[in-house]
Structures are given as structure tokens and as C-alpha cells.
There are 2 protein chains.
Amino acid sequence: MKIMIAGLGLIGGSMAKSLARAGYSADGFDRAPVLRRAEEEGVVARAAADTRDYDVVFVALPPDAAMEYIGGHPFREGAVIADICGVKGALEKFVYSQPRAFRYVGCHPMAGKEVSGLENSDASLFDGASMIIAENEHTDAEAVRLLESLFSEMGFGCIRHCSAEYHDAKIAYTSQLAHIVSNAYVKSPTADGFPGFTGGSFQDMTRIAGVDESVWTRLYMLNREAVTEELRRLVGHLNEYLAALERGNEGDLCGLLKEGRLRKEQLDVERKIL
Amino acid sequence: MKIMIAGLGLIGGSMAKSLARAGYSADGFDRAPVLRRAEEEGVVARAAADTRDYDVVFVALPPDAAMEYIGGHPFREGAVIADICGVKGALEKFVYSQPRAFRYVGCHPMAGKEVSGLENSDASLFDGASMIIAENEHTDAEAVRLLESLFSEMGFGCIRHCSAEYHDAKIAYTSQLAHIVSNAYVKSPTADGFPGFTGGSFQDMTRIAGVDESVWTRLYMLNREAVTEELRRLVGHLNEYLAALERGNEGDLCGLLKEGRLRKEQLDVERKIL
């Protein structure tokens with residue numbers, strides 16, 4: 001099985017390293033300096049010369065670059081082409097609008113870091129993490145099984161299957177909204193180095209604030225409806241606390257906090273059961 | 001030096017355990033079942049019978065209970081009475097309105113957990129953490145030095161000194177606002193157990209959602225102005241992202257994200273320098 005990874009950043013690099021750890025050897029594609037470094041460090045065996053040589057191609061590029069790559073290269077008939085973008089509906093829509101003989105599977109690893117690039121990639125990044133596979137009536141079951149096997153060897157602890165729509169709705173909330181909130185949170189003029197005035201709460205709230213704005217703007221635009229709805233909803237909830245505070249209404253504030261606590265407890269129970 | 005800890009929950013219990021680790025023996029006060037357990041487990045030496053017996057009393061109770069305790073008990077002349085409440089202005093105002101012969105020092109340990117109670121207390125909770133001491137013209141320097149020495153033995157890594165006003169303004173932002181955001185974040189109907197659809201971002205964003213609403217409502221009311229201002233500001237920022245998303249204005253969205261990233265980078269640099 002010949003494997004190629006297009007894009008050797010944090011995720012692509014980590015895929016290559018975790019495959020190497022499992023005894024696989026993948027070829028790679030990226031900008032020349034990154035590719036050279038990946039070859040020198042043995043992250044990939046060699047630079048991919050012809051995309052038609054490969055049975056499995058992981059496209060570990062940002063959404064627009066991923067679509068351009070998939071649309072712009074010839075692949076072997078039956079080859080498994082898997083992207084790892086954080087939005088799945090837009091990718092499906094693009095891929096299915098193209099003539100193709102390959103088998104496309106949209107994937108999204110639930111693992112990351114607040115830093116990027118090959119230099120931060122890590123063979124153990126996916127250990128125990130979840131991989132989401134977006135499926136629909138076009139999805140080839142055998143291609144999915146092949147990928148599941150490779151993901152398992154990369155260290156992923158579980159595979160989740162769902163539609164692209166379900167994925168995009170969930171991710172808008174669990175990840176995309178969180179990045180906006182974190183990015184907005186640091187904008188208060190009260191924020192300064194203030195060493196000693198922060199515990200874990202502030203660190204957790206602002207860890208992911210430093211998003212790469214060009215990548216994330218596109219992720220937001222490609223899942224705009226779902227993200228907009230979640231953000232509108234969160235602002236609506238925050239305005240309730242704000243109104244209670246402004247009025248000095250202790251009972252209302254207590255009720256709002258209690259509602260959140262109960263919801264959190266319910267989520268924690270659901271996580272344990274599921 | 002005779003030490004007493006009033007309130008043997010997460011913080012008070014951890015103070016007693018970390019003092020015991022350093023070779024000190026403290027007496028304790030709490031509701032009967034908690035106190036019995038603390039005695040049985042050797043967290044405290046014995047139940048405090050008379051508050052006048054002690055040179056140092058740590059009042060590790062929620063704000064209202066702390067004020068009631070300090071106002072309602074007789075203390076030895078010159079005794080050092082230190083509360084650990086998350087708001088300092090309200091405590092100072094109360095204490096200084098009372099006739100007193102003791103030396104009051106307002107403190108706030110920058111350590112905690114998202115769980116509470118003696119059963120979650122831990123001798124190492126404060127290891128390397130920061131302790132804030134609120135000072136003003138009434139503060140006794142010798143009392144502060146004595147406490148600093150004890151805090152150091154408890155494992156605290158640094159001591160910060162500031163006014164109650166400065167403390168309350170910073171804490172409204174770094175801690176109190178974060179708890180509101182986390183508490184509001186879990187209220188989306190999109191939230192469910194969805195195992196496999198969350199990475200670290202969601203976990204970090206919602207870790208502190210389950211606040212004890214009776215304690216936190218009071219903390220918010222006792223620092224209402226500063227918290228209201230921070231929340232109003234955050235909602236204002238979030239509304240900018242929302243407007244950009246609603247209009248589909250990619251440039252605006254990118255600009256907002258970039259502004260947050262630059263701010264985050266600046267904060268990270270400041271943290272390293274200071």
C-alpha cells in the first residue's frame with residue numbers, strides 16, 4: 001500500500017510520524033523547504049513525484065488548499081483520498097461536483113495544538129484521540145475500513161461516523177465557537193501580563209486565542225450558518241447574565257448560574273454513559 | 001504559634017494538609033461532620049474550642065460566612081486574621097467597619113479545582129501557585145511577613161501584593177468573567193454527550209461551568225461593578241464577530257481574529273518578561 005501525505009504541517013507531519021512509528025513509510029508533498037526538512041528528518045520517505053502512484057492520499061491542507069489540491073491533481077482509479085479539514089460539508093460539495101474515479105472520504109481528527117507546523121508535529125499527537133469520518137451515500141465502505149485500520153495504527157482511540165451536516169453543526173459549537181470566544185476574551189484592556197493574578201481558569205479560557213486568522217476565517221466562512229447560530233445563541237445567554245448584573249438582581253443571576261451548573265452536570269453524566 | 005483554620009473545604013482543607021506536610025499542626029472549625037472527618041483523618045489536630053486561643057486564624061469560608069465569622073467571634077489582641085475570599089474590597093470594608101484588636105490581612109490563593117469540599121482537598125494544591133495579599137494603610141507589615149512565611153511553607157511559589165481595588169478589577173476579568181462564560185457556554189442545545197466530537201478546546205472552555213451558584217452569585221454581587229464592566233465589554237467584542245459573520249464579511253472577520261491573535265501574542269510575551 002503506497003501512502004502519500006499532502007501537507008506536512010502539524011497534522012500532516014504528525015500523521016507521517018505516527019505512521020512511521022507503526023512501521024509504515026509515507027511519501028510527502030509540501031512547499032520545498034518543509035518537504036526537504038521532512039525528508040531529512042525521515043518524517044517522509046521521499047517527495048511524491050506523481051499523485052497517481054498512491055493508493056492512499058491524506059490531504060492535510062487548509063480547506064481551500066485541500067480543494068485546490070484534490071481538484072488539481074490526477075489520482076489512480078480507486079485511490080482513497082482523505083482530507084482532514086475542520087469543515088466537511090464544503091469539502092463534500094466540492095469533491096462531488098468534480099469528475100472523479102477515486103474514493104473520497106472526509107475525515108477530521110479531534111486533536112491539535114495551539115501551535116502549528118512540522119516543527120510541532122508529534123508521533124503521539126493522536127494517541128487516544130477521536131477521528132471523525134463523515135459518510136454519505138457516496139462513501140465507499142471498503143475505503144472507510146482501510147482508513148480505520150490506518151487511523152488505529154496512528155494511535156487514534158476511537159472512530160466516530162456521522163454525516164457532514166452533523167459534523168459541521170457539532171464542530172461549530174465545540175471548536176469553532178470556542179476559538180472565537182477565546183480570541184475575544186483577550187481583548188479586554190484589563191488583560192496584561194499580571195503574573196500571579198491568573199489561575200487555571202484564565203489559562204484555559206485563552207489558550208486557543210491565537211488562531212491563524214487566515215485559516216480560521218476560511219473555516220468560519222465555510223461553516224458560516226452553524227457558527228453564526230451558535231455565537232448568536234451564546235451572546236443571547238451572556239446578555240441574560242449581563243442584565244441580571246446590571247439590575248443587581250441576585251435571584252436571576254443565581255438562577256442563570258444554577259441552570260448552567262445543572263446542564264454541565266448532565267453533560268458530564270452523558271459523557272460517562274456514552 | 002497556634003494556628004486555626006475556620007472552614008475545611010477545598011481551600012481550608014488544603015491549607016491544613018499543606019501545613020501538616022510542612023510539620024505544622026492546625027486546629028479546625030467547620031460543621032460537625034466535616035470537622036469530625038478532618039480530625040479522624042488527621043487534617044487538623046482538634047476542633048477549635050475558643051477562637052481567642054490562636055495567633056493565626058485562616059478564615060476559609062465563602063464571603064458572607066467569612067464576614068459573619070470574623071464579626072461574630074472574639075480574637076486575641078494582635079492575632080493575625082486572614083480570609084481567603086475571592087473578593088477583597090467587600091471584606092476590607094466590612095472588617096474595617098468593626099471594632100477590632102486583631103490584625104486583618106485579606107488574601108486570595110490563585111489555586112482551585114472545579115470540585116469542592118474536604119474530600120477534594122490536597123496537600124499539594126498550592127505548590128507553585130500564587131498568593132495575592134491585599135494591602136492598604138491599615139495592614140500590619142509584621143503580620144504580612146508571618147503569613148508570607150506560612151504561605152511559602154504551604155508550597156506557594158510567589159506572593160503578589162496589591163490593593164483590594166486592583167485585586168477585584170483583575171479577578172473580575174481573569175476568574176469571575178471566565179466562570180460566567182463557561183457557565184453560559186454549556187447552554188447550547190447542540191451540547192450533548194457527543195463523545196468523540198470534542199478536543200481540548202471544548203473541555204477547557206467548559207471545565208469550570210459547574211459553579212456553586214450560591215457561592216458565586218455572592219462573589220459576583222460583591223464585585224458587581226467590575227464584573228458587569230468586563231462582561232459588557234466581552235459581549236461587545238463578540239457582537240463584532242457576530243456582525244461580521246451575519247454580513248458574511250470575510251475581511252472584517254479576519255481583522256477581528258488577527259487583533260485577538262496579536263493581543264494573545266503580546267500577553268504571552270508579557271508573561272515571559274514579568
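So the values come out like this:
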item	result
Matching option when the condition is within 27 Å of A:L91 (Cα to Cα), at pLDDT below 95 and of a type in the set (G, A, S), among A:A6, A:A49	A:A49
Which listed residue, of A:R224, A:R233, A:R218, is closer than 19 Å to B:R247 by Cβ, in contact with a Pro (Cβ under 6 Å, 6 or more places away or on another chain) and not aromatic (F, W, Y)	A:R218
Matching residues, segment A:233-252, being over 22 Å from the mean Cα position of the chain (by Cα) and at the interface with chain B (Cβ under 7 Å from one of its Cβ atoms)	A:R233, A:V235, A:H237, A:L238, A:N239, A:Y241, A:L242, A:L245, A:E246, A:G248, A:E250
Residue within segment B:171-182 that is in contact with a Cys (Cβ under 9 Å, 6 or more places away or on another chain), open to solvent by less than 50 Å² (accessible area, probe 1.4 Å) and not hydroxyl-bearing (S, T, Y) present	no
Count - residues of segment B:139-156 that are in a loop (DSSP other than H, G, I, E, B) and either at pLDDT below 95 or open to solvent by less than 40 Å² (accessible area, probe 1.4 Å) (or both)	3
Every residue from segment B:176-197 that is at the interface with chain A (Cβ under 7 Å from one of its Cβ atoms) and either in contact with a Pro (Cβ under 6 Å, 6 or more places away or on another chain) or modelled with pLDDT of 95 or more (or both)	B:A178, B:H179, B:I180, B:V181, B:N183, B:A184, B:Y185, B:V186, B:K187, B:S188
Unmet requirement for A:G200, which otherwise passes all of (1) modelled with pLDDT under 95; (2) buried (at least 18 other Cβ atoms within 10 Å of the Cβ); (3) within 7 Å of another protein chain (Cβ to nearest Cβ)	(3)
Verdict on A:H167 being buried (at least 18 other Cβ atoms within 10 Å of the Cβ), in a helix (DSSP H, G or I) and more than 7 Å from chain B (Cβ to nearest Cβ)	yes
Any chance A:A101 is more than 14 Å from chain B (Cβ to nearest Cβ), buried (at least 16 other Cβ atoms within 10 Å of the Cβ) and among the small types (G, A, S)	no
A:E225 being within 22 Å of the chain's Cα centre (by Cα) and open to solvent by 20 Å² or more (accessible area, probe 1.4 Å)	yes
Residue match in segment A:21-30 (condition: over 19 Å from A:I70 (Cα atoms) and among the hydrophobic types (A, V, I, L, M, F, W, C))	yes
Residues satisfying the stated conditions in segment B:110-122, i.e. modelled with pLDDT of 95 or more and either under 13 Å from the mean Cα position of the chain (by Cα) or crowded, with 18+ Cβ neighbours inside 10 Å (or both)	B:L118, B:S121
Residues (among the aliphatic types (A, V, I, L, M), touching a residue at least 60 places away in the same chain (Cβ under 8 Å) and part of a strand (DSSP E or B)) located in segment A:66-109	A:V80, A:A82
Given (1) surrounded by fewer than 22 Cβ atoms within 10 Å (Cβ to Cβ); (2) facing another protein chain (nearest Cβ under 8 Å), number of the condition A:G210 does not satisfy	(1)
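Results for (1) touching a Phe, Trp or Tyr at 6+ places or on another chain (Cβ under 6 Å); (2) open to solvent by 10 Å² or more (accessible area, probe 1.4 Å), shown as yes or no for each residue.
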{"residue": "B:K2", "(1), (2)": "yes, yes"}
{"residue": "B:S25", "(1), (2)": "no, yes"}
{"residue": "B:G28", "(1), (2)": "no, no"}
{"residue": "B:T51", "(1), (2)": "yes, yes"}
{"residue": "B:G78", "(1), (2)": "no, yes"}
{"residue": "B:I81", "(1), (2)": "yes, no"}
{"residue": "B:V95", "(1), (2)": "yes, no"}
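The values are calculated or read from the model by the stated rules, or taken from the named source; none is laboratory data. Because the structure is predicted, anything quoted here is derived from the model rather than measured. Note: ideal-geometry Cβ built from the backbone for every residue, glycine included; neighbour counts use all protein chains shown. Quick note on the areas: whole protein, heavy atoms, side chains included, nothing else; ligands and nucleic acids left out. Shrake-Rupley method; radii C 1.70, N 1.55, O 1.52, S 1.80 Å.
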